[in-house]
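The values are calculated or read from the model by the stated rules, or taken from the named source; none is laboratory data. Note that the structure is predicted; figures quoted are calculated from it, not measured. Positions of Cβ are generated from backbone atoms using ideal geometry, with glycine treated the same way; all protein chains shown enter the neighbour counts.
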Amino acid sequence: MNLDFSQIVPYTPFMLKGIWATLEFVIFSIIIGLVLGTLLALCKITKVSFLKWIANAYTSIFRGTPLILQLMIIYYAIPQLTGYDIPIFLSAVLTFGLNSAAYVSEIIRAGIMAVDKGQMEAAEALGVPYRPMMLNIILPQAIKNILPALLNEFITLTKESAIVSTIGYLDLMRRAQIVGADIYRNFEPLLLAGAIYWIMVFILTKIGQAIERRLRQGD
C-alpha cells in the first residue's frame, strides 16, 4: 500500500482548525433549528388552520428536497434574484438551520402529542393561559421524551456539515481536500478528517447520553 502519513503532519494544525470552523456554524444552525422548529411544532398543533398549513408546507418542502440543493439555492440562486451576495458562513447557517427546523418540528410535535392530554385539559380547566401551559408544563415533559431523537438530529447535522465544502467554506472536509490537492495524496488527509469526524460524533454521543441520564435521575 502506497501510504505515507508523514506528509500530512505539517498540515495537521491547518486541518485541526477545521474542527472549530465546523462546530461554529453547526452550533448556530442548531440554535436556529431548535427555535424555529419549536415554533413550527406549535403551529402544527394549533387550531388555526392557516398556521398549520404553513408549518406543514414548510416541513414538506425542506424534508422533500436535497440538503445540497437548498445550500446551492441560498448561496448561488438567491443572490441572482436579490443582487446581494450572501457570505459563505451565513449561507451555511441558514441552510442547515432552516433544514434542521423541519425535522426538529416533527420531533417536537410528536413529543407534545405523546404528553398525556389530561394534563393539558387540567391546565385549561384551571385557567392557565396557552403560552405558560406550553412553556412550563407541556414542553418540558416533551423535551425529556424526545431528547434522544433531538440529539440524533444534531449528530446527523454535524456529519452532514461536510456538504458546505462544496461552496468553499473552510470546514474540516474542505481543509482535507486542500491538503490532498497540495500534496497530491488524498487518502491520508481524508482518513484523518474521517477520524476527527468520528471523534466529534463520539464525544457528542457521550455528552448526550450523560444529559439523558441526568434528566432521568431528576424524574
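Quick look at the numbers
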| read-out | value |
| --- | --- |
| Of the criteria (1) surrounded by fewer than 12 Cβ atoms within 10 Å (Cβ to Cβ); (2) in contact with a Leu (Cβ under 8 Å, 6 or more places away or on another chain); (3) of a type in the set (S, T, N, Q), which one SER91 fails | (1) |
| Subset tally (residues that are of a type in the set (A, V, I, L, M, F, W, C), over 29 Å from MET72 (Cβ atoms) and modelled with pLDDT under 90) for the stretch 184-219 | 4 |
| Index of the failed condition, LYS159 passing every other in (1) basic (Lys, Arg); (2) under 16 Å from the mean Cα position of the chain (by Cα); (3) under 14 Å from THR38 (Cα atoms) | (3) |
| Failed criterion for ILE27 (all others in (1) farther than 23 Å from ILE73 by Cα; (2) free of Cβ contacts under 8 Å to residues at least 40 places away in the same chain; (3) of a type outside the set (Lys, Arg) hold) | (1) |
| Tabulated pairs, the stretch 65-94, first within 18 Å of LEU170 (Cβ to Cβ), second part of a helix (DSSP H, G or I) and among the acidic types (Asp, Glu), C-beta under 7 angstrom, 6+ apart or interchain | none |
| Output for the stretch 163-183, where each listed residue is surrounded by fewer than 17 Cβ atoms within 10 Å (Cβ to Cβ) and over 20 Å from PRO13 (Cβ atoms) | THR166, GLY168 |
| Hits in the stretch 1-57 - residues which are among the polar types (S, T, N, Q) and surrounded by 14 or more Cβ atoms within 10 Å (Cβ to Cβ) | GLN7, THR22, SER29, THR38, ASN56 |
| Filter result for LEU135 (at pLDDT 90 or above and either closer than 24 Å to THR38 by Cα or in contact with an Asp or Glu (Cβ under 7 Å, 6 or more places away or on another chain) (or both)) | no |
